Amino acid sequence: LYLLYVSYAGFVIFGYCDGIYLKMIGTKYDNLDFPKLKFFFKILLIYLLFGVFIFLPITFLLHVEVTKWYIIICSIAGIFLACLNSFFILINQATQKYNNYAIGNIIEKLILVISVIIAIIFHIKNIMFIVFASLFGKLLTLLYYLIKNREIILSKSNKGTSLEVFDNVKIGFFLTISSIFSMLMTGLGKFFIEGNYGIEYLGYYSFVFSMFSPFTQLTDSVALILIPKLK
């Protein structure tokens with residue numbers, strides 16, 4: 001359920017990072033406008049912090065069981081970190097720095113694998129242990145990207161305009177919509193299963209789709225490499 005909620009993180013920022021990606025795709029990393037990118041990152045950070053302060057109090061008004069309430073809180077934190085990570089992920093993709101992207105993508109997965117092994121060895125049955133491991137992995141990934149892309153973070157922030165910010169959203173929104181619709185093909189089924197049959201059946205249902213993920217990862221990877229080269 002946590003992974004299901006966090007998977008829709010991109011929709012929260014309305015294609016903002018996708019717009020930046022489409023503008024820069026095929027550009028060499030050293031030729032990027034680092035001060036302008038720092039301004040874009042600051043806008044994203046302020047927007048996400050504002051969203052957290054708005055939605056976090058609302059969770060206290062929800063009438064749900066305690067475990068699900070914790071999951072919602074962790075999902076908010078996960079979406080916050082995922083959106084910040086997406087900013088650097090897409091920049092590394094656009095500038096063809098695939099090594100940075102690959103290592104950043106592996107960090108969270110590695111933390112999850114280690115946490116699952118620990119849970120099995122020590123018979124830890126509290127699901128929050130895995131959720132916290134995922135959040136820790138996302139945080140480590142963000143720190144990694146901040147270090148590898150320190151030219152952006154350490155540059156003097158350029159005074160951009162609100163027109164440029166909205167332009168990023170306008171350009172990237174349709175790319176995000178396409179991604180969201182492709183996710184909804186399986187996501188709607190997951191929401192239906194969780195609402196009508198419970199978490200256990202959602203686990204079985206999600207497991208089946210995860211078995212097909214290597215095939216979708218392969219096609220996504222091919223597209224990831226070909227699009228910048230075609231441009």
Open item on the list: With loop defined by DSSP as not H, G, I, E or B, and exposure as at most 13 other Cβ atoms within 10 Å, which is the longest segment of the chain clear of exposed chymotrypsin sites (Phe, Trp or Tyr not before Pro)?
Closed with: 123-211
Open item on the list: At 24 angstrom or more along the helix axis (alpha-carbon based) and mean Kyte-Doolittle of -0.5 or higher, what helices does the chain contain? Whole DSSP H runs only.
Closed with: 34-59, 66-94, 98-121, 127-148, 162-197, 213-230
Task: For the chain, with +1 on Lys and Arg beta carbons and -1 on Asp and Glu, the positive-most of Ile177, Phe207, Val64 along the dipole - done: Ile177
Task: Approximate shape of segment 53-211 as ellipsoid semi-axes (Cα gyration tensor, √5λ), whole Å, largest first - done: 31, 22, 18
Task: Sparse-neighbourhood loop sites, trypsin sites (Lys or Arg not before Pro) in segment 101-169 - DSSP loop, at most 11 other Cβ within 10 angstrom - done: Lys125, Lys156, Lys159
Task: Top positive-direction residue, dipole computed over the chain with Cβ charges, set His123, Ile225, Tyr197 - done: Ile225
TODO: Mind telling me which of Gly26, Gly172, Gly104 comes out most flexible in a GNM of the chain, alpha-carbon contacts under 10 Å?
DONE: Gly26
Open item on the list: Could you work out how much longer the chain between Arg150 and Val208 gets when fully extended? Use 0.36 nm per residue separation minus the Cα distance between them, nm to one decimal.
Closed with: 16.9 nm
TODO: Determine the alpha carbon to alpha carbon distance for each of Lys28/Lys148; Lys28/Lys170; Lys125/Lys148; Lys23/Lys109; Lys68/Lys190; Lys138/Lys159 and list only those over 26 Å.
DONE: Lys125/Lys148; Lys23/Lys109; Lys138/Lys159
- [ ] Rounded to the nearest 0.05, what FRET efficiency do Phe174 and Ile199 give with R0 = 35 Å and r taken as the Cβ-Cβ distance? Could you check?
- [x] 0.55
- [ ] Compute from the Cα atoms of segment 46-129 the Rg and the Dmax, the latter being the longest Cα-Cα distance, and quote both in angstrom.
- [x] 16.5, 46
Open item on the list: Can you give me the % of accessible surface on segment 33-181 that is carbon or sulfur? Probe 1.4 Å, all protein chains present, nothing else counted.
Closed with: 76 percent
- [ ] Identify the residues of segment 15-48 with backbone N under 17 Å of a label point that sits 7 angstrom from the Cα of Leu143 along the Cα-to-Cβ direction, or state none.
- [x] none
- [ ] Go ahead and estimate [θ] at 222 nm for the chain from helices alone: -39,500 (n - 2.57) per DSSP H run with n ≥ 4, summed, over the residue count, rounded to 500.
- [x] -27500 deg cm²/dmol
Task: Per-pair calculated FRET efficiency, R0 = 30 Å: Ala223 and Leu163 via Cβ, rounded to 0.05 - done: 0.50
TODO: Would you be so kind as to identify which of Ala133, Gly104, Ile73 lies farthest towards the positive end of the dipole of segment 40-149, taking Lys and Arg as +1 and Asp and Glu as -1 on Cβ and the Cα centre as origin?
DONE: Gly104
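The values are calculated or read from the model by the stated rules, or taken from the named source; none is laboratory data. Source: prediction; values computed, not measured. All Cβ positions, even for glycine, are placed from backbone atoms using ideal geometry, and neighbour counts span all protein chains on display. When the accessible area is computed, the model is the full protein with side chains, heavy atoms only, and any ligands, DNA or RNA have been set aside. Shrake-Rupley method; radii C 1.70, N 1.55, O 1.52, S 1.80 Å.
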